[in-house]
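The values are calculated or read from the model by the stated rules, or taken from the named source; none is laboratory data. Given the structure is predicted, the values throughout are model-derived calculations rather than measurements. Cβ placement follows ideal geometry from the backbone for every residue including glycine, while neighbour counts extend to all protein chains displayed. Note: accessible area is taken over every heavy atom of the protein model, side chains too, but ligands, DNA and RNA are not part of it. Shrake-Rupley method; radii C 1.70, N 1.55, O 1.52, S 1.80 Å.
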Amino acid sequence: MKKLERVLNILTSPLLTLLLAVWLILFSITTCANEASEQFSRAKYSADEKRQLGFEIAQELRCPASDNRNLFDSETQIANELKGHIFQKLNQGQSKQEIIDFMVDRFGERIRYQPSLNSGTLALWVIPIGLIFLAAVGCIAWIIRQPKTQIKLHLDENNYE
């Protein structure tokens with residue numbers, strides 16, 4: 001019975017009530033902020049913003065038909081269709097991230113020039129960083145192991161006039 005009374009006292013304590021109120025306030029602020037950001041991301045773009053954003057997206061995505069060319073630089077039929085699709089989605093008010101996510105869903109992660117960090121692409125990110133780290137450690141070790149040579153200057157008094 002005493003344990004039950006202790007639990008009830010803790011649950012009805014002012015400190016717990018205050019913490020719960022703070023948590024509810026922060027939760028509601030976060031929810032409102034997320035809704036506002038979604039509405040902002042769906043905002044209509046001006047013609048210049050659409051053009052600039054469309055070019056940025058086309059430069060970040062790889063052409064599915066060309067090796068090592070982005071959509072912006074490629075003139076293949078599929079690249080032209082995808083560029084048109086990008087601008088169509090911008091006219092619908094979709095954000096850059098929504099368009100890129102759609103393209104990744106449709107064509108796979110290969111369409112990105114900068115692959116996202118996940119379990120499948122972890123090696124793409126870790127191996128270059130590891131090689132740079134090993135090269136730096138190797139250079140430092142090589143410098144430390146070099147024999148210390150002293151430079152002796154021989155000054156000849158006859159050379160000065």
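Summary table below
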quantity: Subset of the stretch 100-109 [more than 16 Å from the chain's Cα centre (by Cα) and assigned to a helix (DSSP H, G or I)]; calculated: PHE102, MET103, ASP105, ARG106, PHE107
quantity: Residue ID - nearest to SER66 (Cα to Cα), chosen from residues in the stretch 102-126 that are at pLDDT below 90 and open to solvent by 100 Å² or more (accessible area, probe 1.4 Å); calculated: ARG110
quantity: Subset tally (residues that are outside any helix (DSSP H, G or I), modelled with pLDDT of 75 or more and aliphatic (A, V, I, L, M)) for the stretch 17-60; calculated: 0
quantity: Residue selected from the stretch 87-99 under the condition outside any loop (DSSP other than H, G, I, E, B) and open to solvent by 20 Å² or more (accessible area, probe 1.4 Å), by the criterion farthest from ILE111 (Cα to Cα); calculated: ASN91
quantity: Residue in the stretch 119-139 that is in contact (Cβ under 8 Å) with a residue 24 or more places away in the chain and assigned to a helix (DSSP H, G or I) present; calculated: no
quantity: Selection within the stretch 61-86 - at pLDDT below 90 and open to solvent by 80 Å² or more (accessible area, probe 1.4 Å); calculated: ASP67, ASN68, ARG69, GLU75
